[in-house]
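Read through the structure below, which is laid out as structure tokens, and then see the notes.
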Amino acid sequence: MSNNAHTHTRTHTRTHAHTDSHSLPAVTVLGLGAMGQALAGAFLAAGHPTTVWNRSQGKGEDLVARGATRAVTPAEAVRAAEVVVVCVVDYDAAQAVLDQAAGDLPGRLLVNLTSDTPERAREAAAWAEELGVDYLDGAVMVPVPMIGTPDALIFHSGTRSAYEKYEATLKALAGQTAYVGEDHGLAAVHDLSVLDFFWTAMHGLVHGYALAAAEGVKAAAVAPHMKTLAALLADVVDGTADDLDSGKFPGDLDNLTVEAANVRHIVRAAEHRGLDAAALRGVLTAADRSIALGHGADNWSSIVEGIRKPA
């Protein structure tokens, strides 16, 4: 998840652990961007002996001042730890770093918190398996300020025994750490699925404000009603999941034909006011395709059939 995915977050006060650091696994963090620094800081706050490395100089001085050890090379950093966390810009960058320490990774747990696709996660896992390295792929689902707090969420997938052995260590980074399966690609699947919903919803929020503004209505005037609707959206999450998992879309309370007509009105109004309605047209296209497939009398969840069968 990108560091700026949530623009508004509450600040948490971190409590430094008083645990004897010698009883906790030593950890290394490779990559000291904003997220990497937060990860290393959370390990330090929890009492873990922490080593850090970054490709360029000038980052992590505050971590060193708090007790972290700075390594000169990735290999040196890896040798210092039992758990190695890499968090850099992409998987190509991660691989370039890890290649420099490949001979030192066996016998350690490698945790990759670099965001990418399920396919890249599985490729990285295959590389680690060839080396005989326990590997967990992960996805950070919160912005930087929330790392190390009870409300932070990080998905992990991969070697179950390794996750269970180091679960307490990983919870130093996120109180809501979630293990989602042996398939190394599953953390990325969960990441993409949740962020698909988040960014689509964020687009809808901004687009709705823009539509109101086109008629001179301030966003602040609409905001209370957005909150009311957002609460309703939360209420339908579980029901929609049940519909999709069961493949049943009962239309006794609403149906796709009527709801698609509502979307059509919004598209027409937005385009009449010169707004980009491409995303809404995509919604309408999927709805119309589902109706053509015979789901007009089913509920909104049946739009999934139009999503699964793009033209």
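All of the numbers you see were taken from the coordinates with simple rules; none came from a lab. Remember, it's a predicted structure, so these values are computed and weren't measured experimentally. Backbone-built Cβ (ideal geometry, glycine too); neighbour counts: all protein chains shown.
With each pseudo-label sitting 7 Å past Cα toward Cβ, what's the residue 129-residue 231 distance in nm, one decimal?
Going from the residue 129 label point to the residue 231 one covers 4.9 nm.
Tell me what the chain gives for mean residue ellipticity at 222 nm when only DSSP H runs of n ≥ 4 count, each as -39,500 (n - 2.57), the sum divided by the residue total, rounded to 500 deg cm²/dmol. Don't skip to the answer; put the middle values down first.
Details: 12 runs with 147 residues, N = 311.
Per the formula, -15000 deg cm²/dmol.
Checking the cross-link filter: which lysines have an alpha carbon closer than 22 Å to that of residue 218, excluding same-chain neighbours under 8 positions apart?
Here the lysines satisfying the reach criterion relative to residue 218 are 227.
Please work out the C-alpha center-to-center distance from the stretch 94-133 to the stretch 134-163 and express it in whole Å.
16
Sequence gap at least 6, Cα distance under 8 Å: using those rules, report the relative contact order of the chain to the nearest whole percent. Numbers along the way, then the final one.
Details: 512 pairs, mean separation 38.8, N = 311.
Averaging sequence separation for qualifying contacts and normalising by length gives 12 percent for the chain.
Name the residues of the stretch 236-251 whose amide N is less than 13 Å from a point 7 angstrom out from the Cα of residue 258 along the C-beta direction?
Hits in the stretch 236-251 for residue 258 at 13 Å: 251.
Which ³J(HN,Hα) values in Hz, rounded to whole numbers, follow from the phi angles of the stretch 238-248 under the Karplus curve 6.51 cos²θ - 1.76 cosθ + 1.60, where θ = phi - 60° and Gly and Pro get x?
Rounded to whole hertz, the list is 5, x, 5, 4, 4, 4, 5, 5, 8, x, 10.
Name the longest site-free stretch of the chain, where the excluded sites are GluC sites (Glu not before Pro) in a DSSP loop with no more than 15 other beta-carbon atoms within 10 Å. It would help to have the intermediate numbers written out before the result.
On the way: sites that count: 182, 215.
The answer is 1-181.
Once amide H atoms are built 1.01 Å from N in the peptide plane, which residues 5 or more positions from residue 46, or in another chain, come under 5 Å H to H?
Under 5 Å from the amide H of residue 46: 17.
How long is the gain from residue 192 to residue 210 if the chain were fully straight, where each residue apart is worth 0.36 nm and the alpha carbon distance is subtracted? List each step's numbers first, then the result.
Details: separation 18, 0.36 × 18 = 6.48 nm, distance 2.63 nm.
Result: 3.8 nm gained on full extension.
About its Cα centre, how strong a charge dipole does the stretch 21-189 have in debye, to the nearest 20, once Lys and Arg get +1 and Asp and Glu get -1 at the Cβ? Don't jump to the answer; show the numbers that get you there.
Working: 11 positive and 20 negative charges, 116 e Å.
Charge dipole, the stretch 21-189, about its Cα centre: 560 debye, nearest 20.
Using modelled amide H (1.01 Å from N, peptide plane; none on Pro or chain starts), what sits under 5 Å from the amide H of residue 69, excluding residues fewer than 5 places away?
50, 51, 52
For the stretch 196-311, what is the charge dipole size about the Cα centre, in debye to the nearest 20, if Lys and Arg each add +1 at the Cβ and Asp and Glu each add -1 at the Cβ?
On the way: 10 positive and 15 negative charges, 108 e Å.
Dipole size: approximately 520 debye.
I'd like the Karplus ³J(HN,Hα) series for the stretch 177-184: coefficients 6.51, -1.76, 1.60, θ = phi - 60°, whole numbers in Hz, and an x wherever there's a Gly or Pro.
Values per residue, Gly and Pro as x: 3, 10, 8, 10, x, 6, 5, 4 Hz.
For residue 23 and residue 167, what does the FRET efficiency come to when R0 = 25 Å and r is the distance between their Cβ atoms, rounded to the nearest 0.05? Provide the component values of the computation, followed by the final result.
Working: r = 16 Å, r/R0 = 0.63.
It comes to 0.95.
Give me the number: length gained by fully extending residue 183 to residue 246, i.e. 0.36 nm times residue separation minus the C-alpha to C-alpha distance, one decimal in nm.
On the way: separation 63, 0.36 × 63 = 22.68 nm, distance 2.32 nm.
Between residue 183 and residue 246, full extension yields 20.4 nm more.
Using the Karplus curve 6.51 cos²θ - 1.76 cosθ + 1.60 with θ = phi - 60°, what ³J(HN,Hα) values do you get for each residue of the stretch 116-133, in whole Hz, with x for Gly and Pro?
5, 8, x, 4, 5, 4, 5, 5, 5, 5, 5, 4, 5, 4, 4, 7, x, 10
Arrange the peptides 187-195, 289-297, 231-239, 152-160 so that the one whose residues have, on average, the most other Cβ atoms within 10 Å appears first. It would help to have the intermediate numbers written out before the result.
Details: 187-195: 19.2, 289-297: 17.2, 231-239: 10.0, 152-160: 23.0.
Ranking the peptides 187-195, 289-297, 231-239, 152-160 by packing returns 152-160, 187-195, 289-297, 231-239.
Compute, for the chain, the length of the dipole vector about the Cα centre, with Cβ point charges of +1 (Lys, Arg) and -1 (Asp, Glu) only. Units Debye, rounded to 20. Write down the numbers at each step before the final one.
Working: 23 positive and 37 negative charges, 198 e Å.
It comes to approximately 960 debye.
Which one, 34, 180, 67, is farthest towards the positive end of the dipole of the stretch 23-180 when Lys and Arg carry +1 and Asp and Glu -1 on their Cβ?
Positive-most Cα among the choices belongs to 67.
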